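Reading through the structure tokens given below for one structure.
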Amino acid sequence: MTDLKAILPGMEKCGLQESDKRLQNLGDSLLDSYLYEAICEHGGLKFLFVSSGVERINGVKAEDVINDASVLLDQIDSAQRSVYLEAAAASLRDLTSFEMDLRMNSAGGEWRWVHLVRSCPRSLENGRFIVDGIVTDITNRRLFETEISRLAQAVEQNPTGILIADLHGVLLFANQSYSRITGYQFAEAYGKTQRELISTEMSDEEFNAIKGSLNAGRSWSGVLGNRHKNGQFFWQQSNVSPMYDDSGQISSYLYLCTDVTKSKLLEIALRDAKDYAENLVQTANAIVIGVDIGGRVITFNRAAERITGYKAEDLEGRNWFEVIVPKELYPEVWTKLDGRLTDIYSNGFDADADSWPEFDQLLAGGLPTHFECPILTKSGGERYIVWQSNNVFEQGQIVGMISFGIDISEHKK
């Protein structure tokens, strides 16, 4: 009869060898991880087994780590090393497992992040313990998490209100600036539709037009009247764009909103001031004419139409001087002016010229505050006008002239 007791130790040894071989094969097959087994004694660590992944991740050979554990331990970031040693000591003391993320400087000088999971220590004789562990390279994950964190900070700290809504307009996300602009905290606005959050200043027709544009895959931009949670009216610049999933289908909408109340009120004030000034120009009893640097008419009020007989549309884009001072009637003037309107601006006023110095001064920027001259009306008559003119400047350059004239023809008679 076979003595089983005699052959069991050999069978156990063979089984352990097979187990170690399977463990090594498993460890070597891991692309982003490596396995290890080590003995802890007297506060030190002695690696018994390390799979080949340690070379891919840490840049050191497995046999070098087995011969000298410090080859691997010294790669741990100095800022984390004491934390790791404290966690390892607590694990031995309490016989517990632990895991942590470590930043390690590989043999090639590249910093990498790894996730360490170490098993509960198993007690051996003489105060020794055996531990198993797996180390996984998480560098890409940490970089991705860092980028996500930066993106989240950029979104939260952005002065523009940012929100995301689903296909039905239900709010899914809003940053702090949205809360500041509208008065609604995210918890209050979450789950509500954009129609509920935008005041009734916008008609259903306008809202549906925006919705239709988005459903068609087009972005929309515009200024909306809205009301703060406290009821105060404000102007909101909104930019809305569809967001797409991996299959190219619209999955949600991105809203960007900015409070533009100050600039909108300024725009309204400027428009009102312009309308008021235009009304003054058109209702004035005096002639008001504006020309550009080439003498082309750009402003012509109703008094000018009445006195000259021309309509504003008759003179639009035409040279005012050619109309009121025809060459055939005033050749001495055009000896000076013909083809030189722009040159006179550039070269200045010729005080020795003998042809209508008022026009020379007018174009050269040296106009007297008060002068008179005849003009030719559309019907062929001649009227005498007293002029008050000023040059128009942009960035220090003369770009035109505005003139105010009073008809003194009857006085001349």
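None of the figures in this text is laboratory data; all of them are computed from the coordinates on show. Since the structure is predicted, the reported quantities are computational estimates derived from the model, not experimental observations. Cβ: placed from backbone, ideal geometry, glycine included. Neighbour counts: every protein chain shown.
How much net charge surrounds residue 64 when only the other residues with a Cβ under 13 Å from the Cβ of residue 64 are counted, with Lys and Arg +1 and Asp and Glu -1? Working shown, then result.
Values: positive: 61; negative: 55, 63, 68, 74.
Charge balance near residue 64 sits at -3.
Of the peptides 250-258, 296-304, how do they stack up when ordered by the mean number of other Cβ atoms within 10 Å, highest first?
Details: 250-258: 17.8, 296-304: 19.9.
Highest mean packing first, the order is 296-304, 250-258.
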- [ ] Please give the contour-minus-distance gain from residue 141 to residue 280: 0.36 nm per residue of separation, less the Cα-Cα distance, rounded to one decimal in nm.
- [x] 43.2 nm
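Hey, what's the per residue convex hull volume over the C-alpha atoms of region 76-211, in cubic angstrom? Don't jump to the answer; show the numbers that get you there.
Numbers: hull volume 26.9 nm³, N = 136.
Looking at region 76-211, the number lands at 198 Å³ per residue.
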- [ ] Note the full-extension length gain between residue 411 and residue 105 as 0.36 nm times their separation in residues minus their Cα-Cα distance, in nm to one decimal.
- [x] 100.3 nm
- [ ] Give the peptides 81-88, 316-323 in descending order of average Cβ contacts within 10 Å, highest first.
- [x] 316-323, 81-88
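Just to verify a number: FRET efficiency for residue 208 and residue 377, C-beta to C-beta distance, R0 = 51 Å, to 0.05?
0.35
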Open item on the list: Given points 7 Å out from each Cα along the Cα-Cβ axis, report the residue 246 to residue 77 separation in nanometres with one decimal.
Closed with: 3.1
Open item on the list: Just to verify a number: FRET efficiency for residue 56 and residue 394, C-beta to C-beta distance, R0 = 56 Å, to 0.05?
Closed with: 0.25
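In nm, what is the difference between 0.36 nm times the number of residues separating residue 263 and residue 192 and their Cα-Cα distance? Don't jump to the answer; show the numbers that get you there.
Numbers: separation 71, 0.36 × 71 = 25.56 nm, distance 2.91 nm.
That pair, residue 263 and residue 192, stretches by 22.6 nm at full extension.
From the alpha carbon gyration tensor of region 18-143, can you work out the equivalent ellipsoid semi-axes (sqrt of 5 times each eigenvalue) and give them in Å, largest to smallest?
Details: eigenvalues 92, 66, 35 Å².
Ellipsoid semi-axes (Å, largest first): 21, 18, 13.
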Open item on the list: 7 Å from Cα along Cα→Cβ at both residue 98 and residue 293: what's the point-to-point distance in nm?
Closed with: 7.8
Open item on the list: Among the listed pairs 229/274; 229/264; 274/412, which have their C-alpha atoms separated by more than 29 angstrom in this model?
Closed with: 229/274; 274/412
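With Cβ to Cβ distances under 15 Å as the rule, what net charge do the other residues near residue 87 carry (K, R +1; D, E -1)?
Details: positive: 81, 93, 103, 118; negative: 77, 86, 94, 99, 101.
Here the charged neighbours net out to -1.
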